[in-house]
Structures are given as structure tokens and as C-alpha cells.
Amino acid sequence: MEKDRISSVQRRAKITELLRANQEVNVPELAKLFSSSEMTIRRDLDLLAKQGFARRTHGGAAAAERMEFRFDFVERRTRNQRAKRMIAAEAVKLIKPGSRIILDTGTTTLELAFLLKDYQDLTVVTPSLAVASVLQFSTGVQTILLGGVIRRGSPDLTGTVTEKVLDMFMVDLAFQGADGIGLGGELFNSDVRIAQVDAKMRRRAENTYILCDSSKIDKVEFASNGSLSEVNALITDSSISQDALESL
């Protein structure tokens, strides 16, 4: 049957839909619905709870009281996700208690946000609705969501308001993604509005790190926002070619 071949990602998405519709689910019924073992379902519910989509109950789970954003970028987030998580795990080593940081709207910085949920005494400034959604119930993280215009199909706030509000802050660290990095070190975004915000972020941070998986290296996009010469380091994965590494 089709439900026997459903992927783990699809199964968890269906469980999330059931939680939204029914508020509560139980393990035996889900195991029967998806022709999966109860252990598999428990792992799914544990993961959804960790991500803030569910609240574990005795024998199942209930819908979490959280704002949830579903955007067209979901497919982008899952692309090269293992590399993005490894990059985020390296970046988190730079963050100390008491740090004030900026997280931009990239999918790799979103993976970093998941690693910060249990931090204490941390301030995060972001134009990303997705990052704010991840951190909203973190008791030790003060999250400041920048204002602005929501880009269609993406959880990004951009525009004049975003840039003006950024002027209110100075932070210790900024973490940014990139849609492309030229072999000469030029940084690119696919949207000029994001490029403008990213350029200003670097001016409001003492130190900036670019988090970018190797598929974006030697790739040119529509809008340039600066150069690697303006940042402390690029954190990428080991699949980067030796030629690209030497050029950068």
C-alpha cells in the first residue's frame, strides 16, 4: 500500500497535520495508520516535540502551543541538510553565554537556531520568522524579531523598516548564509532585498561568519552583498573541491 512506502519526513508531516486537526494523537493508532512500529512512532513524536511541533503526553502527543510557519522554503531546508547541521554544529562552538547574535534568514542559520533552544543568557536578533518560531519558548534566549515586509513564499522580513531597526543594535556575532559564493570570494543572494539586509548586518556585528554548504561555492546569483574579505570566516563542509578551496 502507498502508506507502507511513506517516507519518515512525509509521515511526520502527516502527524503534524493530525495534531493540528485533532489536538491529540496516540501511539497505537498512529502505528496502525502508517503500518509502522510503535517504536518508530515514538521516535517521530520525540522529534516533533524537540522541534516544538508537539507536546508529549502519556501514550502519545498533543498539539504544541506555538506559532508555526509553513513556507515554500521547506524543500530548500531539507536539501543538503546533513551538511547544514554539521556546519551549524561547528558554528555553535563560537557562541558563549551572554552573547548577542544576529541570525539571518538562511536555512543553515535555521539549523543553528535549533541548537540554541536550550542556551541561557543569549540574545538573538533576527529577520527570520522561522528562527523566531524555533526560539519563541526558549526561556534562556531573548529573541528580537526585526520588523519589515514579509517576502512572498519565504519567512523573511526585508525592506527599509528591517534596515532601520537593525541600526538600533550592535551585536557580538552575526551568522549569515549565502545563495552563492564566487571563487573570488564575492557573496550573492537571489533577492536584492535580502542582499541589502545582509550587508547592513555585517556593519552591526563585531564578528561575522558565513555558514554555507559547498553546493553554493562557485555559484553566482542575482544580487551581490559583499565579499568574504569582510567577514571572519566561511564555515562550509568537506565536500568543497580542492580547487575551490585554494581559490577562496
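Tabulated values for the structure
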quantity	calculated
Share of alpha-carbon pairs per 5 Å distance bin for region 78-148, given as whole %	4, 18, 31, 27, 14, 6, 1
Distance violations [Cα-Cα > 29 Å] among Lys14/Lys117; Lys14/Lys164; Lys84/Lys219; Lys96/Lys219; Lys50/Lys84; Lys117/Lys200	Lys14/Lys164; Lys96/Lys219
Within region 93-156, percent of DSSP bridges classed antiparallel, to nearest 5	10 percent
Accessible-area value, Met168, 1.4 Å probe, nucleic acids and ligands omitted, Å²	140 Å²
Given charges at Cβ of Lys, Arg, Asp, Glu: the chain dipole, positive-most of Met201, Ala113, Gly140	Gly140
DSSP loop chymotrypsin sites (Phe, Trp or Tyr not before Pro) with at most 14 other Cβ within 10 Å excluded, longest remaining stretch of the chain	1-136
DSSP beta bridges in the chain [antiparallel fraction, %, rounded to 5]	45 percent
Rg to Rh, two decimals, where region 208-248 supplies the alpha carbon set and Rh follows Kirkwood	0.93
Percent breakdown of C-alpha pair distances by 10 Å bin, ordered from the shortest bin, for the chain	7, 29, 32, 20, 10, 1
Dimensions (Å) - region 112-213, Cα atoms, principal axes, largest first	40, 27, 26
Rule-of-thumb Rg ratio for region 169-248 [Cα; 2.2 N^0.38 Å; N residues]	1.03
Amide H contacts of Ser99 (H built 1.01 Å from N, under 5 Å, at least 5 apart or other chain)	Thr123
Placed amide H near Ser227: partners under 5 Å, 5+ positions off or other chain	Leu187
DSSP-defined antiparallel bridges as percent of all bridges, region 166-226, nearest 5	45 percent
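The values are calculated or read from the model by the stated rules, or taken from the named source; none is laboratory data. Just so it is clear, the structure is predicted and the values come from calculations on it, not from any experiment. Note that each Cβ is placed from the backbone with ideal geometry, even for glycine, and that neighbours are counted across all protein chains shown. All accessible areas refer to the heavy atoms of the entire protein, side chains included, with ligands and DNA or RNA removed. Shrake-Rupley method; radii C 1.70, N 1.55, O 1.52, S 1.80 Å.
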